[in-house]
1. Name every residue in the stretch 157-181 that is under 28 Å from G128 (Cβ atoms) and either touching a Lys or Arg at 6+ places or on another chain (Cβ under 6 Å) or aromatic (F, W, Y) (or both), in order of residue number.
2. If a residue has to be among the hydrophobic types (A, V, I, L, M, F, W, C), in contact with a Gly (Cβ under 9 Å, 6 or more places away or on another chain) and assigned to a loop (DSSP other than H, G, I, E, B) to count, how many in the stretch 243-275 make the cut?
3. crowded, with 19+ Cβ neighbours inside 10 Å, more than 17 Å from A52 (Cα to Cα), at pLDDT below 95 and not small (G, A, S): is that true of P268 in this structure?
4. For the stretch 51-109, give me each residue that is among the polar types (S, T, N, Q) and either in a loop (DSSP other than H, G, I, E, B) or surrounded by 22 or more Cβ atoms within 10 Å (Cβ to Cβ) (or both).
5. Kindly indicate the residue of the stretch 115-133 that is part of a strand (DSSP E or B) and without any contact (Cβ under 8 Å) to a residue 40 or more places away in the chain and also farthest from the chain's Cα centre (by Cα) among those meeting that condition.
6. Kindly indicate whether T177 is over 29 Å from F338 (Cα atoms) and touching a Phe, Trp or Tyr at 6+ places or on another chain (Cβ under 6 Å).
7. Given the structure, is W240 more than 23 Å from L166 (Cβ to Cβ) and not in a loop (DSSP other than H, G, I, E, B)?
8. Search the stretch 154-168 for residues that are part of a strand (DSSP E or B) and pair each with any residue that is acidic (D, E) when their beta-carbon atoms are under 8 Å apart and the residues are at least 6 apart or on different chains.
Amino acid sequence: MTVSRILFSIILLSWMLSSCESKTNPAPETVAMEDGNMVFVGHEGNFKWGNAGLGLINLNHSQTDMDIYKTLNKKSLGDVFQSATWWNQQWWVVVNNSGKIEVLDKELKMVKTVTGFTSPRYLLPVSGTKAYVTDLYGKEIRVVSPGQTTAGNKIAMPGWTEEMALVDGKVYVVCKTNAKVIRVDPVLDEVVDSILLPGNATSVAKAGAKKVWIGFEAGNATKPGVCLYDADSSRIVKIWYSTSDEQIPDRFQASATGDSLFFICGVPCFLKAWNSDFVRLPLGSGNWYGLGYDARRQQLFVSDAKDYLQNSRIVQMDLSGNILKEWKGGIITSRFYFW
């Protein structure tokens, strides 16, 4: 047999093998969403690397696809996953450094892209026809509607804005560079007033019908901490302080009733509205970065981002700190959403 015939045979065999693989292992075109069993996972990826991702865990079958967006849509998500929100029967996925929101259907297939932002962070629905989007650099909140493909009206802000919470008819907006939470009237799209904090705000969550959990960094000779703001009396009614300037409460997740708060403060923690201190869950060493609270199961999902270059470790745990299961995540797993 000549060299050319040998090479031809090798090429033909390789083609046949690859053809068999493509027939026996086709990439799925859709995903079956089992109500009550799905965990939607956001991976930030590295800044300017374009390796953000969306993963999916099926708890019923212990199945995962940690890049389900790419599997279904045949392209990468973009540069830095920031947050996701279920609104108007669609997922609105904010991709920060790409300056866009990817809108997905229930089965995670792309419907459209919304652009026109500077550096979007979080989306909060304030009605069935309107949502707010905060921004890292824009010094503004942008208004979007379900039918838009470009960002709408602007609400001027004093600086970098982050998470939001809608409580008692007002939107509470984290303003990172001013040690304030800004209150906005979502009917008029206007700033009402602001709440001064001991240090720069980190995170907010709804604490019931008329209360707000607010996290803050160290400042004005105080440690970082968590405060409980009462909308009726327009005052902070209680403050809890961290034990270290480096352990800053962040990634707030409230219980269904709002009276319990889960967050990262060096390790996963939680507190009750009137408890005297944080409960620190004994999870052991790790670069604990992302957090999600599964209200249906009353469990936490926590990510260990390791060195920010390796795939993250995801830990599923009960509220006593017992590890129930571990999963391999993506690069810098940061957020969890439960279906």
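1. Hits for the stretch 157-181 are M157, E162, A165, V167, D168, K170, Y172.
2. Residues in the stretch 243-275 being among the hydrophobic types (A, V, I, L, M, F, W, C), in contact with a Gly (Cβ under 9 Å, 6 or more places away or on another chain) and assigned to a loop (DSSP other than H, G, I, E, B): 2 in total.
3. yes
4. N51, N60, S62, S76, Q82, S83, N88, Q89, N96, N97, S98
5. Taking the candidates together, the pick is T115.
6. Spelling it out, T177 is indeed over 29 Å from F338 (Cα atoms) and touching a Phe, Trp or Tyr at 6+ places or on another chain (Cβ under 6 Å).
7. Here the answer is yes, as W240 does meet what is asked.
8. That search, which allows pairs on different chains as well, returns K154/E140; I155/E140; I155/D189; I155/E190; A156/E140; T161/D135; T161/E140.
The values are calculated or read from the model by the stated rules, or taken from the named source; none is laboratory data. None of these values were measured; they are calculated from a predicted model. Positions of Cβ are generated from backbone atoms using ideal geometry, with glycine treated the same way; all protein chains shown enter the neighbour counts.
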